[in-house]
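Please treat every number below as a calculation from the coordinates, not as lab data. In this text the structure is predicted, and so the values were computed from the model without any measurement. Cβ: placed from backbone, ideal geometry, glycine included. Neighbour counts: every protein chain shown.
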Amino acid sequence: MAAIGGGRPGRPDNMVLGLLSDPDLPVELAEQLVGELPELLAERLDDQVAWQVQLLSERFDLGDEARLLEFAAQRRAREGWDLVVCLTDLPRRSGLRPIVAEASVSDRVALASFPALGARQLYQRARALVIGLVAELAVESLGQSRAGQDPGSQLRLRVAGPIRRVVPSDAGVDVRFLLPGVRGQARLLAGMVRANRPWRLITGLSGALAAALAAGAFAVVTSDIWQLADSLGPLRLSVVTVLSIGAMVAWLIIDHELWERPSGQVARDRARLFNAATVLTVVLGVGCLYAALLVATLAAAWFLVTGELLSQSLQHRVGWPDYVTIAWLAS
């Protein structure tokens, strides 16, 4: 806990910040923050305080998201921390407006929702968000320090995009930061897709990728495929690509029961957000799979089919565009 120095009445000599983090992406970011935050907090808030940062990872599975701050307050008392910032990849909204963060200054706890930070520069934004929240929580302890002048300025100025600071009527929440407008909704959706890490879908579909590679290797040595690819043209190949990716996306969502069909207006609004994030995640994941398959199939076509043989079959001179077209159709 904070120690009181004799030379500075009422001011702490040290403060312990607890980072209570969800597993996966939040804890990965938190592990990087632990090393940087003590120096940054001293530089931007109060260099006369010895800052300590401790990390604890625990999955927030409370059912009622409104109890997260209460849960954090209980943890703060149990661990003996001065301040607590929860880091989660749970998307939070107030009505339709995405919640970036909220805090209970009286309990000295705050909650940061990473999906509202978007998909770009996530670590830099997360770092600025945590510093801004610490400024909110420590304003009374640090008195007339830089944090006390305008605690919300750290968050509003350093986290990219427009952020609205409001004082809600919710019990247990003293201040909340929201993203306004359509841009805020789009940023939340992008952050949710980023948190899902769509590129990892390739490893989950490694069996399908292996089967597709085998089928593609067989297809590229078939003269009928050569002639068909040569006659289709880019427009029709693009349509075939969209249809094949769409079919794969639909099958994955239906087979794994990823589509939510809730009842009630609030639940339906939430379901639309999650369903949109699911579709975009699977589309990007299947797109990555398709790109990997295209590259592998192109390499197989170049290695297995000689230019002379391909030219005789197509009855014209061939080059790289012809190989790409064949690999495109085979994929």
Item checked: the range 174-183 - phi-based ³J(HN,Hα) in whole Hz, Karplus 6.51/-1.76/1.60, Gly and Pro as x -> 8, 8, 9, 10, 10, 9, x, x, 5, 4
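At 222 nm, what helix-only mean residue ellipticity would the chain give, in deg cm²/dmol to the nearest 500, using -39500 (n - 2.57) for each DSSP H run of four or more?
Details: 12 runs with 189 residues, N = 331.
Counting only the DSSP helices, I get -19000 deg cm²/dmol.
If we count every other residue with Cβ under 14 angstrom of residue 194's Cβ, Lys/Arg +1 and Asp/Glu -1, where does the sum land?
Local net charge: +2.
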Notebook entry, point to check: Can you work out the FRET efficiency for the pair residue 94 and residue 308, with r the C-beta to C-beta distance and R0 = 56 Å, to the nearest 0.05?
Noted result: 0.25
Item checked: Qualifying trypsin sites (Lys or Arg not before Pro) in the range 238-331, DSSP loop, other Cβ atoms within 10 Å at most 11 -> 317
Note to self: I need the phi-derived Karplus couplings for the range 37-45: 6.51 cos²θ - 1.76 cosθ + 1.60, θ = phi - 60°, integer Hz, Gly and Pro marked x.
What the structure shows: 4, x, 5, 5, 5, 5, 6, 9, 10
Next item on the list: Averaging sequence separations of C-alpha pairs under 8 Å and six or more residues apart, then dividing by the length of the chain, give the relative contact order as a whole percent.
Entry: 14 percent
Item checked: Net charge dipole size for the chain [Lys, Arg +1 and Asp, Glu -1 on Cβ; Debye, nearest 20] -> 880 debye
Check: So what is Rg over Rh here for the chain, counting just Cα atoms and using Kirkwood for Rh?
Finding: 1.15
Notebook entry, point to check: Non-local amide H neighbours of residue 94 (under 5 Å, H modeled in plane, Pro and chain starts lacking H): which ones?
Noted result: 99
Notebook entry, point to check: So which GluC sites (Glu not before Pro) in the range 57-126 pass both tests, a DSSP loop state and at most 10 other Cβ atoms within 10 Å of the Cβ?
Noted result: none
Checklist line | Cut-off 13 Å (backbone N to label point 7 Å along Cα→Cβ of residue 288), residues of the range 205-243 | finding: 205-206
Note to self: 5 Å is the cut-off here: which amide hydrogens, built 1.01 Å from N in the peptide plane, fall below it relative to residue 119, excluding neighbours closer than 5 in sequence?
What the structure shows: 191
Check: Modelled label-to-label distance, residue 167 and residue 224, 7 Å Cα→beta-carbon offset: nm?
Finding: 7.5 nm
Check: In nm, to one decimal, how far is the residue 253 label point from the residue 54 one, both placed 7 Å along Cα→Cβ?
Finding: 4.5 nm
